[in-house]
Amino acid sequence: MTASAPLRIGLVGAGMISGYHLTAWRRCPGAEVVAIADPSEAAARGRAGEFAVAQVFADADAMMDAVRPDAVDIAAPMEFHAGICRAAADRGIAIMCQKPLCPTLGEARALVAEIGGRVPFAVHENWRFRPPYRAIRRWLDDGRIGRVRAFTMEVMTGGLIPDLPGQPPPALRRQPFMAGMPRFTVLEGMIHQIDTLRFLLDGLSVAGARLARLSDRVVGEDTAMILFESPAGAIGTLSHSLAVPGAAPRSSDTLTLIGERGTIGFRDWVLSCSDGGPAETWEREAAYQASFDAVMAQFAGWLRGGPAFETTAAENLATLALVDDVYRLAGWPSEG
């Protein structure tokens with residue numbers, strides 16, 4: 001494709017998250033979603049009507065053969081990622097795939113090795129693109145608190161606490177597939193925060209982990225406590241639970257970074273620094289959508305010859321390796 005040619009995108013998956021993808025592509029100059037593929041015709045046609053997408057297909061292969069897009073944006077369930085990625089690579093189509101890339105680290109490594117450099121291959125890991133975390137990285141690069149020596153990150157929600165009689169709890173109404181995941185909170189949810197901490201603090205490794213299942217609504221872990229350390233000497237914790245009575249049903253990160261000469265804090269979408277500089281505040285949904293917008297913009301720029309995308313599939317293997325270490329150190333069942 002040339003730098004001036006419109007970028008033609010085929011979206012695979014018309015579920016809950018696809019609305020954020022489609023909004024981001026609509027805001028990306030010079031890019032257009034030309035087709036949506038989903039086994040649910042009603043879901044695909046609903047999204048197509050909402051976002052004025054011209055064509056709908058029942059499966060990704062049919063869409064890629066008929067439309068020949070420049071890139072596929074894969075927002076399908078995780079178990080289908082590898083097959084769709086292979087099909088796209090075999091057709092010379094660039095790939096953006098939602099996280100997690102594969103159910104296991106071994107599968108992801110094999111997929112990345114197989115596709116190699118045949119096509120641009122990226123993982124949609126949007127959390128690190130959230131505006132507050134981009135601001136924190138700038139503050140760290142500017143030396144506002146010096147070298148980070150310790151940190152804590154916490155995400156406590158009531159997503160698995162029933163709130164409506166006869167209905168699934170809010171997290172499972174939003175994403176029902178999570179109920180059956182044998183590896184749940186770390187692989188599906190905390191992978192976002194793990195990748196963000198990698199982005200903020202280079203070279204993290206997992207020093208210890210404990211996992212628990214507090215809710216009988218899921219088969220996998222819903223609560224986790226992780227201990228990290230970095231080559232620079234920082235130590236920190238990441239804790240998450242979806243089964244907290246009285247907590248809000250949607251997650252909101254709380255982060256504290258303790259440096260040599262100051263502290264950065266992020267709580268309730270307010271970012272502050274102990275050096276006395278002005279605080280910055282974001283609205284939750286706007287910041288969430290902004291992270292998708294930034295992902296699509298950077299991916300489109302890469303395809304047009306710009307700088308490499310941050311979380312290429314090969315780069316994202318480091319995040320999946322940390323996820324795998326959490327399960328291993330916690331003694332959770334084998335990835336099988």
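The values are calculated or read from the model by the stated rules, or taken from the named source; none is laboratory data. Bear in mind that the values here come from a model prediction, so they are computed numbers and not experimental data. When we count neighbours, we look across all protein chains shown, and the Cβ atoms used for this are built from the backbone with ideal geometry, even at glycine. Ligands, DNA and RNA are stripped out before the accessible areas are found, and what is left, the full protein with its side chains, is counted by its heavy atoms. Shrake-Rupley method; radii C 1.70, N 1.55, O 1.52, S 1.80 Å.
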Can you pull out the residues in segment 43-75 that are under 25 Å from the mean Cα position of the chain (by Cα), in contact (Cβ under 8 Å) with a residue 40 or more places away in the chain and farther than 18 Å from T312 by Cα? V53, A60, M63, M64, P69
Can you tell me how many residues within segment 202-222 are crowded, with 20+ Cβ neighbours inside 10 Å and not in a loop (DSSP other than H, G, I, E, B)? 3
Return only the number of the condition from (1) farther than 24 Å from R91 by Cα; (2) free of Cβ contacts under 8 Å to residues at least 24 places away in the same chain; (3) not hydrophobic (A, V, I, L, M, F, W, C) that T152 does not satisfy. (2)
Residue under question is A179, and the condition is that it be under 18 Å from the mean Cα position of the chain (by Cα) and farther than 23 Å from F228 by Cα; does it hold? no
Flagged in segment 11-49 as among the acidic types (D, E) and either more than 27 Å from A171 (Cβ to Cβ) or open to solvent by 30 Å² or more (accessible area, probe 1.4 Å) (or both), in numbering order, are E32, E41
Yes or no: segment 248-260 includes at least one residue that is in a loop (DSSP other than H, G, I, E, B) and among the aliphatic types (A, V, I, L, M). yes
Check off (1) under 18 Å from the mean Cα position of the chain (by Cα); (2) under 30 Å from G276 (Cβ atoms) for A171 and give me the number that stays unchecked. (2)
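Being over 20 Å from T311 (Cα atoms) and in contact with a Phe, Trp or Tyr (Cβ under 6 Å, 6 or more places away or on another chain) narrows it down to one residue among A87, A37; which is it? Before you say what the answer is, go through the steps one by one.
Working: A87 fails: in contact with a Phe, Trp or Tyr (Cβ under 6 Å, 6 or more places away or on another chain).
Answer to the selection: A37.
Conditions tested, residue by residue: (1) touching a residue at least 12 places away in the same chain (Cβ under 8 Å); (2) under 15 Å from L322 (Cβ atoms); (3) among the basic types (K, R).
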position: L164; (1), (2), (3): no, no, no
position: P169; (1), (2), (3): yes, no, no
position: R173; (1), (2), (3): no, no, yes
position: R183; (1), (2), (3): yes, yes, yes
position: H192; (1), (2), (3): yes, yes, no
position: L200; (1), (2), (3): yes, yes, no
position: S205; (1), (2), (3): yes, yes, no
position: G220; (1), (2), (3): yes, no, no
For segment 256-276, check the following and say yes or no: at least one residue is under 24 Å from I136 (Cβ atoms), of a type in the set (D, E, K, R), surrounded by fewer than 16 Cβ atoms within 10 Å (Cβ to Cβ) and without any contact (Cβ under 8 Å) to a residue 40 or more places away in the chain. yes
Restricting to segment 303-336, name every residue that is closer than 20 Å to G117 by Cβ and over 19 Å from the mean Cα position of the chain (by Cα). L303, R304, G305, G306, P307
